[in-house]
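Reviewing the structure listed below.
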Amino acid sequence: QPQYNSDEQQRICYIVNTAEYCYETSQQLCESIQKLVSAELAAQITVVTEQDALHSVSTKGIKCLTTRIFSALENSLTKMININWQAIKEVGDSSEIGTR
């Protein structure tokens, strides 16, 4: 699994944000163009393919980021799963896992 530094993670966030913005505004653009042409031509104008591509970019970016987050948390989550929670007598505001 790839490890992304903070600059790369930020770049991925920009890409996801831009893809989502373009996805949302592409339909408005399509409708504006359709108003400028004849009804016959307007019926042929669509942005479905472009919206699918933008959605795919956004989805891939989010998968990259969530994979990175999961990788960063995997060791701590594994340790938490292996704790015998029934044996804990007192609850406090700090733990070995929480301070890492």
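The values are calculated or read from the model by the stated rules, or taken from the named source; none is laboratory data. None of the values given here were measured: they were computed from a predicted structure. Glycine gets a Cβ as well: all are built from the backbone with ideal geometry, and neighbour counts include every protein chain shown. In case anyone asks, the SASA skips ligands and DNA or RNA and just uses the protein heavy atoms, side chains included. Shrake-Rupley method; radii C 1.70, N 1.55, O 1.52, S 1.80 Å.
Annotations for the structure displayed:
- Note on Lys79: aspartates and glutamates with a C-alpha under 19 Å away, same-chain residues under 8 apart excluded, are Glu90, Asp93, Glu96.
- Virtual spin-label span in nm between Gln3 and Lys79, 7 Å along Cα→Cβ: 1.7
- Region 25-49 and region 74-91: distance between their alpha carbon centers, rounded to Å: 56
- Classification of the chain by its C-alpha gyration tensor yields a prolate form. The axis ratio a/c (a ≥ b ≥ c) is 1.5 or more, and a/b outweighs b/c.
- Once the Cα-Cα distance is subtracted from the 0.36 nm per residue extended length, the Arg11 to Asp52 segment shows a gain of 12.6 nm.
- 18 Å Cα-Cα reach of Lys60 towards aspartates and glutamates, excluding residues that sit fewer than 8 places from it in its own chain: Asp7, Glu8, Glu20, Glu24, Glu50, Asp52
- Rounded to 10°, Cα long-axis angle of helix 48-81 versus longest principal axis of the chain: 0
- Accessible area in square angstrom per residue, the chain, 1.4 angstrom probe: 83
- Rounded to 10°, Cα long-axis angle of helix 6-36 versus longest principal axis of the chain: 30
- Carbon + sulfur, % of accessible area of the chain - ligands and nucleic acids excluded, 1.4 Å: 56
- The local environment of Gly61, defined by Cβ-Cβ distances under 13 Å, has a net charge of +2 under the rule Lys, Arg +1 and Asp, Glu -1.
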